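The structure appears below as structure tokens.
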Amino acid sequence: MAGLFITLEGGDGSGKTTQAGLLESWLVGEGRRVVRTREPGGTDLGLELRQIVLHRRGHIAPRAEALLYAADRAHHVETLVRPALERGEVVLQDRYIDSSVAYQGAGRVLGGDEVRALSRWAVEGLEPDLTVLLDLDEQLGRRRLDAGRTTWDRLEAEASEFHAAVRRAYLAIADAEPGRFLVVDASRPVDDIAAEVRARVAALLDAA
Ligand code: TYD
């Protein structure tokens, strides 16, 4: 495959969308063809699955939830991501398998390894060339999302525990695969982060 597959990961409020936009502009300026996409919801079918998995009222069994994300991913990779890579393009993707491992694994019902195995099967083993992890204290992330709020109720405190577990899971994945990951401190200024990400991507492009 001639293209480059770059994924962005991190908790809610970590700035993935901002960084993806800046990296996309730079890549386009360098003359690269870029496909910017996301999971869940990078395809028509994916948008329907996204609606179910993120907005459906009521309980979804953990295994069903993991399968819904994996179904979105399977269709997305086969119909959009792999063809773009085969055309030699850069795929810049918000969230991928690591999101499933970190979020579904952090729910404590499923193990990270089985969640990863399911997704690997779904995408026939397609791995990113680079994963940028925007690492941020979960409370900072939440404060960014709902700026101005100072009090949290019990459910929100539980949510905070969950997001702390997600963050730990991400850092453990990055530790286990240092070659694939660029871990950046997402509390730093936006432009500093963008410069660090660009430097790493430039090195990858030079090596290709
Ligand atoms: P989204 O609105 O795209 O949020 P963000 O801007 O934080 O990316 O929602 C995606 C949510 O879905 C996010 O809370 C993480 C979750 N998610 C999983 O739990 N598992 C997955 O495999 C993926 C791709 C996302």
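As a length-normalised measure over Cα pairs under 8 Å and 6 or more apart, the relative contact order of the stretch 1-90 settles at 47 percent. At residue 200 and residue 60, where each label point lies 7 Å from the Cα along Cα→Cβ, what is the point-to-point distance in nanometres? Spacing of the two 7 Å Cα→Cβ label points: 2.8 nm. Scanning residues 5 or more positions from residue 183 or on other chains, those with amide H under 5 Å from its amide H are 133, with H placed 1.01 Å from N in the peptide plane. Each residue of the stretch 104-120 was assigned a 3J(HN,Hα) from its phi angle through the Karplus expression (A = 6.51, B = -1.76, C = 1.60, θ = phi - 60°), giving 5, x, 6, x, 6, 7, 10, x, x, 5, 6, 5, 5, 4, 4, 5, 4 Hz with x at Gly and Pro. Computed over the stretch 32-154, the alpha-carbon pair-distance distribution with 5 angstrom bins reads 2, 10, 18, 20, 19, 15, 9, 4, 2, 0, each value a whole percent. Sequentially through the stretch 35-42, phi angles give Karplus couplings (6.51, -1.76, 1.60; θ = phi - 60°) of 10, 9, 8, 8, 10, x, x, x Hz, Gly and Pro residues having no value and appearing as x. What a 1.4 Å probe finds exposed on the chain is 51% carbon and sulfur by accessible area, rounded to a whole percent.
From the Kirkwood radius over Cα pairs of the stretch 45-107, Stokes-Einstein at 4 °C and 1.567 mPa s returns a whole-number translational diffusion coefficient of 101 µm²/s. Between the amide H of residue 11 and those of 136, distances stay under 5 Å, these residues lying 5 or more places away or on another chain, with hydrogens modeled in the peptide plane. In the elastic network of the chain, a GNM with C-alpha springs shorter than 10 Å, the most mobile of 64, 186, 165 is 64.
For the chain, the calculated P(r) over all alpha carbon pairs, in 10 Å bins from 0 to the bin holding the longest distance, is 8, 34, 38, 17, 3, 0 percent.
The values are calculated or read from the model by the stated rules, or taken from the named source; none is laboratory data. Owing to the predicted nature of the structure, the values given are computational and were not obtained by experimental measurement. Here Cβ is always computed from backbone atoms with ideal geometry, including for glycine, and neighbour counts include all displayed protein chains. Each accessible area value is taken on the protein alone, full model and side chains, heavy atoms only, with ligands, DNA and RNA left out. Shrake-Rupley method; radii C 1.70, N 1.55, O 1.52, S 1.80 Å.
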